[in-house]
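Novice: Just dropping this structure here.
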């Protein structure tokens, strides 16, 4: 006779050979470092309380240790092998829709990240804890009025009123409303519930929104012919339905945002929802405010929200109450039940790359989601990523739409290039502001107009250097120089945040020579401007001064109100700002220094110069730009000065094809880190050989491994770092290779940290 056995210690359920059972089985993705999913039995008593997307606790391993995991599939099937049962449910309801589960599966495969970890990233913990939702008690009648009378029990007048009130309603009634209408107390209700006549249930609900509806602010201008033509093509895609990718390529100030707004409005009018993705919210505060004022049902989602705000917005979007979602990285996962369009503004921005697992790129996830749902996606940029530009010309599901001129036919700013090697040679001294920059800036201020000065390094000086023994003051944890900050009197590592009081003399034994400040930072530029133009109202914008987005908001508001004359800052001032009285932009140091370790260095430089130059001359005041550089012969810089993206892209694409870089190859970067340099080097070399062997065994053509080599930042936060680059001809080959490596544990090392970054945007 066959017997079912249960091991109480491990939770195993199994059957004797030949016995078959039919039951509900859940596929669970555990929150542990594994790419596998596991099947677990759902006991009959639990069947009605489990759905895909919920978290559950399940026993794993020989000891049956309870581990949290996500239910990613349910199936009633026949089974005859060992199968453990789900221990208990964590979430009362599911917070992940089926389409988001499917999206998570694709992200997990593409970015070589465990599915459980991917699902955890999709839904914020604040949402799962239902922060900000109020608990509302409801009462419903469990028996009929006749059954109450037939029970023979004495029913007080107050109880009878409660029972009659509930009998008149088919749906449960809020307890507060019920007691008020019946004129009864909670004690009467509890007594009726104790008799088994009434059931009291609790529900989590959104708080009542008592804020007044904001007045919509619609600009008076109409779209110009170029904008209308672009919108017409996007509308055609919307009307045709189905998946498509449109690259909206327009010069800075061409009015791409207005095209997004009109396309989104068309989607909303059809009863569907739309997502507009923007880079870091602190860089796009002004644009987000203006967009939010254009729609009635808009949700703004970003990392600066409180847990309560994030939870409430998520619920409102999931219920379809908010038709438009504007936000940063996490907004790509907004739980829209009827999504019709995704727009990605400034699609080339590196801030769209998530720096923790899963290391996804928002643009690529937006395309994945649009393809899965069969809807259009619009990518907008004046300086597209080279990969996007190439795809728009070579893929059938891509289309490129160009807006070649600014709104109102405003001219692009005049650009003057100053070779600082010649300037310093003529003046026979180091120069921070060239004579043309000083002159044009002075003329701008005399006219009462505003200016932006870009210096892409923070601090007072880039490093402290000893001329006698030729050493620099370095971070004790990272192999980078400390940056001196005059405002605090400290020297800071911008990677691990270590800091020391800024020394004045060399600390090397037997030296003691006075230290020199080498290189420029925003603080030093600010000091020079204040001395050259006394009385000028200057604000500095960098991550040292912007500790909170409210500080950035204050500076933007003051600049917009013309309470500030000059903004000095890093790339934070190069993006997302639109001020009509800015007529001058100065770039203090337009060199490759900040990007030199990356093959995208020329692309980054082109984008930065083009973007910051585009801030000038956006209204009636003619724009002028001065670019100071010591590398005036760089082709990327020369193309940027002419706003000639197409020529730059053609040269860059030809170079990348010749050396086998994206978009002609797909990359995955593997970074190994440890406290002992030799151990890291050996592990990296061993891993590279194992990957090469796997490539050979799978006969993957045009696939190889570059390296390993020490990283550009070879020591960071006390750990030595080596990396290697895996190259394949396309994404499907990369997925195949990484899947094989994971299944055979090839990527495991003896080190504490091994990071896999598919489609990396930085190689530092």
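The values are calculated or read from the model by the stated rules, or taken from the named source; none is laboratory data. Predicted, not measured: the structure shown is a model, and the values here were computed from it. Methodologically, a virtual Cβ is constructed for each residue, glycine included, from the backbone with ideal geometry; neighbour enumeration extends over all protein chains shown.
Novice: Do you know which of the residues in segment 625-670 that are in a helix (DSSP H, G or I) and in contact with a strand residue (DSSP E or B) (Cβ under 7 Å, 6 or more places away or on another chain) is nearest to residue 443 (Cα to Cα)?
Specialist: Step one: list which residues in segment 625-670 are in a helix (DSSP H, G or I), which gives 635-641, 645-659.
Going one step further and asking which of them are in contact with a strand residue (DSSP E or B) (Cβ under 7 Å, 6 or more places away or on another chain), we end up with 637, 641.
Details: 637: 26, 641: 22 Å.
Looking at residues that are in a helix (DSSP H, G or I) and in contact with a strand residue (DSSP E or B) (Cβ under 7 Å, 6 or more places away or on another chain), I get 641.
Novice: Would you pick out the residues in segment 377-410 that are closer than 14 Å to residue 255 by Cα and in a loop (DSSP other than H, G, I, E, B)?
Specialist: Selection gives 382, 404, 405, 406, 410.
Novice: Considering only helices (runs of 4 or more DSSP H) fully contained in segment 512-622, which possess at least 2 residues that are more than 20 Å from residue 252 (Cα to Cα) and at pLDDT below 75?
Specialist: Passing ranges, in order: 549-560.
Novice: While we're on this one: Residue under question is residue 374, and the condition is that it be assigned by TED's automatic domain parsing to the domain that holds residue 563, farther than 26 Å from residue 638 by Cα and surrounded by fewer than 18 Cβ atoms within 10 Å (Cβ to Cβ); does it hold? Step through it out loud before you land on a result.
Specialist: Working: assigned by TED's automatic domain parsing to the domain that holds residue 563: no; farther than 26 Å from residue 638 by Cα: yes; surrounded by fewer than 18 Cβ atoms within 10 Å (Cβ to Cβ): yes.
In short, no.
Novice: Now for a separate question. Checking the structure you have, find out if any residue of segment 391-401 is at pLDDT 90 or above, surrounded by 21 or more Cβ atoms within 10 Å (Cβ to Cβ) and under 27 Å from residue 590 (Cβ atoms).
Specialist: Here is the first cut: in segment 391-401, the residues at pLDDT 90 or above are 391-401.
Of the ones still in play, those that are also surrounded by 21 or more Cβ atoms within 10 Å (Cβ to Cβ) are 401.
Filter once more, keeping what is under 27 Å from residue 590 (Cβ atoms): none.
The answer is no, given that none of the residues of segment 391-401 is at pLDDT 90 or above, surrounded by 21 or more Cβ atoms within 10 Å (Cβ to Cβ) and under 27 Å from residue 590 (Cβ atoms).
Novice: Here's something else I'd like to know. Looking at segment 677-690, can you tell me whether even one residue there is in contact (Cβ under 8 Å) with a residue 40 or more places away in the chain, out of contact with any strand residue (DSSP E or B) (no Cβ under 7 Å at 6 or more places or on another chain) and outside any helix (DSSP H, G or I)?
Specialist: For segment 677-690, residues in contact (Cβ under 8 Å) with a residue 40 or more places away in the chain, out of contact with any strand residue (DSSP E or B) (no Cβ under 7 Å at 6 or more places or on another chain) and outside any helix (DSSP H, G or I): absent.
Novice: Failed condition for residue 492, given (1) under 30 Å from residue 347 (Cα atoms); (2) surrounded by 14 or more Cβ atoms within 10 Å (Cβ to Cβ); (3) modelled with pLDDT under 80, with all others met?
Specialist: (1)
Novice: Consider segment 496-511. How many of its residues are modelled with pLDDT of 75 or more, touching a strand residue (DSSP E or B) at 6+ places or on another chain (Cβ under 8 Å) and assigned to a loop (DSSP other than H, G, I, E, B)? Spell out the reasoning first.
Specialist: Going residue by residue through segment 496-511, those that are modelled with pLDDT of 75 or more are 498-511.
Then drop every residue that is not touching a strand residue (DSSP E or B) at 6+ places or on another chain (Cβ under 8 Å), which leaves 498-506, 508, 511.
This time we only want the ones that are assigned to a loop (DSSP other than H, G, I, E, B), so: 498, 502-504, 506, 508, 511.
Adding up the residues that qualify gives 7.
Novice: Tell me which residues, restricted to segment 123-133, are out of contact with any strand residue (DSSP E or B) (no Cβ under 6 Å at 6 or more places or on another chain) and surrounded by fewer than 22 Cβ atoms within 10 Å (Cβ to Cβ). Explain how you work it out, then say what you get.
Specialist: Narrowing segment 123-133 to residues out of contact with any strand residue (DSSP E or B) (no Cβ under 6 Å at 6 or more places or on another chain): 123-129, 131-132.
If the condition is that a residue be out of contact with any strand residue (DSSP E or B) (no Cβ under 6 Å at 6 or more places or on another chain) and surrounded by fewer than 22 Cβ atoms within 10 Å (Cβ to Cβ), then 124, 125, 126, 128, 129, 131, 132 are the ones that fit.
Novice: If you don't mind, there's one more thing I want to ask. Being under 21 Å from residue 608 (Cβ atoms) and more than 38 Å from the chain's Cα centre (by Cα) is the requirement here; does residue 436 meet it? Can you show your working first?
Specialist: Values: under 21 Å from residue 608 (Cβ atoms): yes; more than 38 Å from the chain's Cα centre (by Cα): yes.
Here the answer is yes, as residue 436 does meet what is asked.
Novice: One residue is enough: does segment 712-720 have a residue meeting the conditions in the same structural domain as residue 674 (by TED's automatic domain parsing), farther than 25 Å from residue 663 by Cα, in contact with a helix residue (DSSP H, G or I) (Cβ under 6 Å, 6 or more places away or on another chain) and assigned to a loop (DSSP other than H, G, I, E, B)? Walk me through how you get there before you give the answer.
Specialist: Keep residues of segment 712-720 that are in the same structural domain as residue 674 (by TED's automatic domain parsing), which gives 712-720.
Subset that is farther than 25 Å from residue 663 by Cα: 713-720.
After this cut, where a residue has to be in contact with a helix residue (DSSP H, G or I) (Cβ under 6 Å, 6 or more places away or on another chain) as well, the list is 720.
Add one more test, that the residue is assigned to a loop (DSSP other than H, G, I, E, B), and what stays is none.
Looking through segment 712-720, none of the residues is in the same structural domain as residue 674 (by TED's automatic domain parsing), farther than 25 Å from residue 663 by Cα, in contact with a helix residue (DSSP H, G or I) (Cβ under 6 Å, 6 or more places away or on another chain) and assigned to a loop (DSSP other than H, G, I, E, B).
Novice: Of the residues 124, 172, which is within 23 Å of residue 89 (Cβ to Cβ) and either without any contact (Cβ under 8 Å) to a residue 40 or more places away in the chain or assigned by TED's automatic domain parsing to the domain that holds residue 307 (or both)? It would help to see each step written out before you state the result.
Specialist: Values: 124 fails: either without any contact (Cβ under 8 Å) to a residue 40 or more places away in the chain or assigned by TED's automatic domain parsing to the domain that holds residue 307 (or both).
Only one candidate qualifies: 172.
Novice: Yes or no: residue 661 farther than 28 Å from residue 115 by Cα and either assigned by TED's automatic domain parsing to the domain that holds residue 637 or surrounded by 14 or more Cβ atoms within 10 Å (Cβ to Cβ) (or both)?
Specialist: Working: farther than 28 Å from residue 115 by Cα: yes; either assigned by TED's automatic domain parsing to the domain that holds residue 637 or surrounded by 14 or more Cβ atoms within 10 Å (Cβ to Cβ) (or both): yes.
Judged against the criteria, residue 661 is a match.
Novice: Go through (1) at pLDDT 90 or above; (2) more than 26 Å from the chain's Cα centre (by Cα) and name the single condition residue 707 misses.
Specialist: (1)
Novice: Kindly provide the set of residues from segment 441-489 that are over 38 Å from the mean Cα position of the chain (by Cα) and either modelled with pLDDT under 90 or closer than 21 Å to residue 630 by Cα (or both), ordered by number.
Specialist: 466, 467, 468, 469, 470, 471
Novice: Can residue 366 be described as out of contact with any strand residue (DSSP E or B) (no Cβ under 8 Å at 6 or more places or on another chain), at pLDDT 85 or above and buried (at least 22 other Cβ atoms within 10 Å of the Cβ)?
Specialist: On the way: out of contact with any strand residue (DSSP E or B) (no Cβ under 8 Å at 6 or more places or on another chain): no; at pLDDT 85 or above: yes; buried (at least 22 other Cβ atoms within 10 Å of the Cβ): yes.
No.
Novice: Taking strands (runs of 3 or more DSSP E) that fall entirely within segment 1-93, which contain at least 3 residues that are in contact with a helix residue (DSSP H, G or I) (Cβ under 9 Å, 6 or more places away or on another chain) and modelled with pLDDT of 90 or more? Talk me through it step by step, then tell me what you get.
Specialist: On the way: elements: 21-30, 38-41, 55-60, 65-79.
Ranges flagged: 21-30, 65-79.
Novice: Only one of (1) over 22 Å from residue 605 (Cβ atoms); (2) modelled with pLDDT of 85 or more is not met by residue 379, so which one is it?
Specialist: Against the list (1) over 22 Å from residue 605 (Cβ atoms); (2) modelled with pLDDT of 85 or more, residue 379 comes up short only on (1).
Novice: Take segment 733-764 and flag every residue that is under 24 Å from the mean Cα position of the chain (by Cα) and either modelled with pLDDT of 90 or more or in a helix (DSSP H, G or I) (or both). Break it down into steps so the answer makes sense when it comes.
Specialist: As a first pass, look at segment 733-764 and keep what is under 24 Å from the mean Cα position of the chain (by Cα): 734-735, 738, 753-764.
Hits for segment 733-764 are 734, 735, 738, 753, 754, 755, 756, 757, 758, 759, 760, 761.
Here is a yes/no grid of residues against (1) assigned to a loop (DSSP other than H, G, I, E, B); (2) modelled with pLDDT under 85; (3) exposed (fewer than 10 other Cβ atoms within 10 Å of the Cβ):
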residue	(1), (2), (3)
140	no, no, no
143	yes, yes, no
170	yes, yes, yes
179	no, no, no
199	no, no, no
209	yes, yes, no
212	yes, yes, yes
